[in-house]
1. Go over the candidates D105, D134 one by one and state the one that is under 15 Å from I163 (Cα atoms) and of a type outside the set (A, V, I, L, M).
2. Among (1) more than 16 Å from the chain's Cα centre (by Cα); (2) open to solvent by less than 40 Å² (accessible area, probe 1.4 Å); (3) within 19 Å of R3 (Cβ to Cβ), there is one condition F242 misses while meeting the rest; what is its number?
3. Of the residues that make up region 133-154, is at least one closer than 17 Å to I5 by Cα and either within 16 Å of the ligand (Cβ to nearest atom) or of a type in the set (G, A, S) (or both)?
4. If you check every pair at least six apart or on different chains, which have Cβ atoms under 6 Å apart with a residue in region 205-227 that is over 18 Å from I142 (Cβ atoms) first and a residue that is within 12 Å of the ligand (Cβ to nearest atom) and not in a helix (DSSP H, G or I) second?
5. Within region 204-219, can you find the residues that are within 13 Å of the chain's Cα centre (by Cα) and more than 12 Å from the ligand (Cβ to nearest atom)?
6. Considering only region 161-190, state which residues are touching a residue at least 40 places away in the same chain (Cβ under 8 Å), more than 15 Å from the ligand (Cβ to nearest atom), open to solvent by 40 Å² or more (accessible area, probe 1.4 Å) and within 24 Å of Y89 (Cα to Cα).
7. Tell me which residues, restricted to region 175-189, are in contact with a strand residue (DSSP E or B) (Cβ under 6 Å, 6 or more places away or on another chain) and not β-branched (V, I, T).
8. Would you please list the contacts, defined by Cβ atoms under 6 Å and residues six or more apart or on different chains, that run from a residue in region 90-118 that is closer than 19 Å to T154 by Cβ and without any contact (Cβ under 8 Å) to a residue 60 or more places away in the chain to a residue that is assigned to a loop (DSSP other than H, G, I, E, B) and within 14 Å of the ligand (Cβ to nearest atom)?
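The values are calculated or read from the model by the stated rules, or taken from the named source; none is laboratory data. Bear in mind that the values here come from a model prediction, so they are computed numbers and not experimental data. All Cβ positions, even for glycine, are placed from backbone atoms using ideal geometry, and neighbour counts span all protein chains on display. When the accessible area is computed, the model is the full protein with side chains, heavy atoms only, and any ligands, DNA or RNA have been set aside. Shrake-Rupley method; radii C 1.70, N 1.55, O 1.52, S 1.80 Å.
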Amino acid sequence: MRRPIIAGNWKMNKTPEEAAALAAALIPLVAGADCDVVICPPAVCLAAVAPVIAGTNVRLGAQNVHYEASGAYTGEISAAMLKACGVEYAIVGHSERRAYYGETDAKANLRALAALRAGIVPIICVGETLSERDAGYTDALIVYQALIATAGMTAAEVAGIVIAYEPVWAIGTGRVATDGEANDAIRAIRDGIRRTFGDAAADAVRIQYGGSMKGSNAAGLMAQPEIDGGLIGGASLKAEDFAEVVNRR
Ligand code: PGA
């Protein structure tokens, strides 16, 4: 059985002080969670949040990670720097980074490999736009994205990563994929992992759904056999809303 993982992507929201307060408010609400709980504040908030969640079941994630170890990369943050701030997970290849900052599958792969080298679990985001879905490309595209992003990993490494299936048309739009659409897409990704990395990796890798997931739809989505949790944007910005997703049952 795969243990579900619910991660909150706070995106470009919260100052360090606000982030620490949100983390503190969340802790008692998710203390009894039956899944892994991760929060991904902005990078400048990581150092403020880490001591707040220390010793609790809430884990720290970053929203991006650079692929080089150090050097002349103005504005970037390395995996080792994140690790030193207490980060255990890093989102890579989010569709907003693909849409606004030229993120590619190849770069997502480098970021994921750099995270793994530093002992950080990558949360690799894949997903189709509405026109790609309407054209019938969804499964081919998301499998391609997932396989490029995992290139060079061993089967054992793939078993330990997280993939987030996030249809672009569902992110921040209030339009959630149906339980069946999300389950089918995630099954396609898992089948692609199975063909490439084998049964053990495919059966172990956790694949989340993301896109307008909230308390009212989380239970239905997570009851699907292929869906191993969620990557939550808007509904992660209030402690009560995020806790509703975490405690969906
Ligand atoms: P949303 O964002 O929950 O606000 O749709 C999800 C995401 O971007 O990861």
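1. Selected residue: D105, the only one of D105, D134 that is under 15 Å from I163 (Cα atoms) and of a type outside the set (A, V, I, L, M).
2. Only one criterion in (1) more than 16 Å from the chain's Cα centre (by Cα); (2) open to solvent by less than 40 Å² (accessible area, probe 1.4 Å); (3) within 19 Å of R3 (Cβ to Cβ) is unmet by F242, namely (1).
3. no
4. From region 205-227, the pairs are N217/V176.
5. Across region 204-219, the qualifying residues are V205, R206, I207.
6. Selection gives nothing.
7. A182, A185
8. So the pair list comes out as A108/G93.
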